[in-house]
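Only one structure is covered here, and it is reproduced in the block below.
The values are calculated or read from the model by the stated rules, or taken from the named source; none is laboratory data. Because the structure is predicted, anything quoted here is derived from the model rather than measured. Glycine gets a Cβ as well: all are built from the backbone with ideal geometry, and neighbour counts include every protein chain shown.
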Amino acid sequence: MKYVEILPLTNTGGGDTAFTYETDSDIKIGSLVSIPLRNRHVKGLATKFVKKPQFPTKPIKKILSEEPVLSEIQLNLAQRIADYYFCNLSDAIPAILSFDFGKKRRAVEELTATSPRLQKKLELTKDQELIYKKISDSEPSSKYLLFGVTGSGKTEIYLQLVAEALGKDKGSIILIPEISLTPQNAKRFVDRFGQKVAVWHSHLKETEKFATWQKIKSGEIKVVLGARSAIFSPIDKLGYIVIDEEHESSYKQDQTPRYETGRVAEWLSDLTGAKLVLGSATPKIESYHKTKSDTYTLCEMPKRIVQAEMPPVKIVDLRDEFKKGNKSIISDDLYEAAAEALRAKKQVIMFVNRRGASTFVVCRDCGHVEECPKCEIPLTYHPSEGQILKCHHCEHRKTVPAVCPDCQSHAIKFFGLGTQRAEIEIKKMFPNAKVARMDRDTTRKRGSHEAIYEDFSAGDSDILIGTQLIAKGWDLPNVALVGVISADTMLNLPDFRSAERTFSLLTQVAGRTGRGYHPGRVIIQTYNPESYAIIAAAKHDYLDFYEREINERKKYNYPPFSELIKLTYSSPDSKKAEVESERLAELLINNLPKKAMVLGPSTAFIEKVAGKYRWQIVIKIPSESQATNDKLQIFDVLRKNIKTGWTIDVNPESLL
C-alpha cells in the first residue's frame, strides 16, 4: 500500500492543505487523481509519497492520468502565480491545465488539422531582416518589444522566428488576444507549418483540448497559437514566446487566478530560456517603460510593409456640427467621405464602441429611467431582438414599456448611441449600400466572427459597423475610410488607463484602412478635440502620447511607478458591504508599510451587479526595490483578516 499527499484542486476553505490518501495502484508524483473529500469527489494532484500515517486514510478513487500532468517548470509557474496574485496553488494549477481530465475521450486522430500544401516563407525586407537577426542571434531568455505601426509586417517576423526554432527542434507559443477574431493569423501559421500547429482557445470542446494537449506533450505539435491560456502549453523545448497585440486588456485574466499573461510569459522565459517577443503598434505604457530600464530590448518598425503612408486623420468637433444644426450621428465631413468611398467601390468601417441602439430609455414627463432591478443601472435598448431592454452586466431582459411605469405617460424617449442605432441611421443615409454589423450580439455563435470577416473581406458588404471587435488586427486592403462616430466613450471614464485605451483603440481602428496599395483616410468625431490622446492618435504619434501619459502616471503615482491591489467586496446587503469595507480599510491603514497608500473604501463604479452591492479598496505600493517585501506584508495582513465575499486583483486592468 502506498500513501500519497494529494492537493485538492478545489476550494477547501483551508488554503492549500494537502491530505493523505492510500492506493495500491502505480502512481507518480504529478499525477491527477479523483479523491473523496467530505461528501463529494474532487480532483487532486499527487504531490509526494509519505510514510503510513497514524490516522486512518481513505483510498484514492481513480487515477486520472498515469503520467504527471504538470512538469517541474509548470509547477514552478503555478507556485509563482499563487504567490504573486494572492491565490491558492489549487486555483493556479487548474488554470494551467485548463480542461477537464475526467471527461470521456475521443480519438486524437479525429481532431488532427490538415494543410494540403504548405506555403513558402516570404522574403523579409531589410528592416525585418535586421530585427529577425537581432532576435534570433540573442541569448536565451532575451526579451524584446517589437514596436511596429499597423501593417508593418510584424507577423512575418514571428513566422520566421518560429521556423528558426523548429530548425533546432524547439517549439513556440504564439499568443493573440482573441483567436476567434483573427482567422487570418491562424491560417497563416497553419499554412506555413501544417500539422506542427495547434490552435488553442477557451471555446474548444473538452475532447479537442485533451487531444491537442496530448499532441503538444508528446512533441507531435511544436507550435501553439492561441489566446492567453495557451501560455501554459506543455511544450518541452520552448524556443519562443510571442505576444502579439500585447496592449490588449484580454491578456489579463478576469477570474481567479487573475494573472497577467505578459508577466507569466516573463517567468516562463526565465525558467525555460525561451526568448520573449511582445508586439504592438500601441504598446502598454508599462511595457514601453521597460525598454528604458533594459528589461526589454526595443525593436522599431516605423513604416508599413508596402511603403504606404499612414492614413491622414481628420478630427471633427461635434460641438461645431451641433451649432450648424446637424443633429445626426454622422458629421457632414464623415458623410461626404463615406459617399466618396462608396462611389469608388471601396469599403467603409464605422466604429461605435457600444452595442445596442440606445444607452438608456427615459420618460420625458417625469424623468423615470428604465433600470436593471439587479444592478440598478440603465437598461440598453436592443430593437433587433424584438423591442428588448437588456442589462449588459447580468443579461436581465424586459420588453420596452408602452407607457411610463411611474406616471403612465406615453412620452418614452430613447437616448444615447449604440451599434444598432448606428446601423439604422447609416442604412437610411446610404440606402443602396450593404451594411453589416459586428458586436457581441451578432457574434455569439461559434464561427460568427469569421463569417462576418469573410463576407466583408469578399466584398459582400460595403459598410461594416462595429465595436472594438473590428480593431483586432484585420488586414482589409479595400477599406478606404474608417469613421469613428464618437471617440469620447472611453475617454470620459474615471480610470487611470482611460487616455491610454482611447489612444490605443483609435490607433488600432485607424490602422484598418490604407493597408493595401490604395490610400485610406480616417475621420474621428469628438466633443473633446483638445484631448492629448485624440491628438496623438490623429498624428500617429505614440512617443508624444507616451511622454504626456508617463508624466501623468508619475505625477499621480500610477503604474509603472506603483503596483496596485484592488479589493472588491460584494454582498446583497448594502449596509453590510459598507461596514465590512470600512473594517478592512481601517485594518489596512493601521498595519500596512509606511509607503503603501490606501484609497477608499468607496462604492464601485458600477455599484450593484447581479443583485450584489460592491465596495472597493485600492492599495498603491511604490515600484521600488522593497515593493516585494511590502506586498508580502500586505498579503499577510489580508490573509489574517480577509472574509468570504472579497476578491483580490493584483495589478488590475481597470479600477472601475
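When the criteria are applied in full, residue 25 fails the requirement of being small (Gly, Ala, Ser), surrounded by 15 or more Cβ atoms within 10 Å (Cβ to Cβ) and farther than 30 Å from residue 270 by Cβ. When region 27-46 is limited to residues that are at pLDDT 90 or above and out of contact with any Pro (no Cβ under 9 Å at 6 or more places or on another chain), the one that is nearest to residue 1 (Cα to Cα) turns out to be 27. Scanning region 421-448 for residues that are of a type outside the set (D, E, K, R) and touching an Asp or Glu at 6+ places or on another chain (Cβ under 8 Å), we see that the one that is farthest from residue 331 (Cα to Cα) is 436.
Taking the condition modelled with pLDDT under 85, basic (Lys, Arg) and surrounded by 15 or more Cβ atoms within 10 Å (Cβ to Cβ), does residue 355 pass? Spelling it out, residue 355 is indeed modelled with pLDDT under 85, basic (Lys, Arg) and surrounded by 15 or more Cβ atoms within 10 Å (Cβ to Cβ). Screening residue 384 against (1) of a type outside the set (A, V, I, L, M); (2) modelled with pLDDT of 80 or more; (3) closer than 25 Å to residue 509 by Cβ; (4) outside any loop (DSSP other than H, G, I, E, B) leaves a single unmet condition, (2).
Can you pull out the residues in region 34-85 that are of a type in the set (Phe, Trp, Tyr) and surrounded by fewer than 20 Cβ atoms within 10 Å (Cβ to Cβ)? First the steps, then the outcome.
Taking region 34-85 as the starting set, the residues that turn out to be of a type in the set (Phe, Trp, Tyr) are 49, 55, 84-85.
The answer is 49, 55.
Output the number of the condition that residue 549 fails; it satisfies all remaining conditions of (1) touching a helix residue (DSSP H, G or I) at 6+ places or on another chain (Cβ under 6 Å); (2) surrounded by fewer than 20 Cβ atoms within 10 Å (Cβ to Cβ); (3) within 30 Å of residue 511 (Cβ to Cβ). Failed condition: (2).
Taking the criterion of being of a type in the set (Val, Ile, Thr) and outside any helix (DSSP H, G or I), the residues of region 287-322 that qualify are 295, 297, 305, 306, 313, 315, 316. Of the residues making up region 609-636, those that are out of contact with any strand residue (DSSP E or B) (no Cβ under 7 Å at 6 or more places or on another chain) and either surrounded by 17 or more Cβ atoms within 10 Å (Cβ to Cβ) or touching a residue at least 60 places away in the same chain (Cβ under 8 Å) (or both) are 609, 610, 611, 635.
Here the strands (runs of 3 or more DSSP E) wholly within region 223-286 that include at least 1 residues being assigned by TED's automatic domain parsing to the domain that holds residue 297, out of contact with any helix residue (DSSP H, G or I) (no Cβ under 6 Å at 6 or more places or on another chain) and within 29 Å of residue 543 (Cβ to Cβ) are 238-244, 275-280. Does residue 593 qualify as being part of a loop (DSSP other than H, G, I, E, B) and at pLDDT 95 or above? Answer is no for this residue. The condition of being assigned to a helix (DSSP H, G or I), within 20 Å of residue 276 (Cα to Cα) and β-branched (Val, Ile, Thr) holds for residue 216.
For region 627-656, the set of residues classified as in a loop (DSSP other than H, G, I, E, B) and either at pLDDT below 90 or of a type outside the set (Ser, Thr, Tyr) (or both) consists of 642, 643, 645, 651, 652, 653, 655, 656, listed by residue number.
Do the conditions hold for residue 402, that is, is it of a type outside the set (Ser, Thr, Tyr), in contact with a Cys (Cβ under 9 Å, 6 or more places away or on another chain) and surrounded by fewer than 15 Cβ atoms within 10 Å (Cβ to Cβ)?
No, not satisfied.
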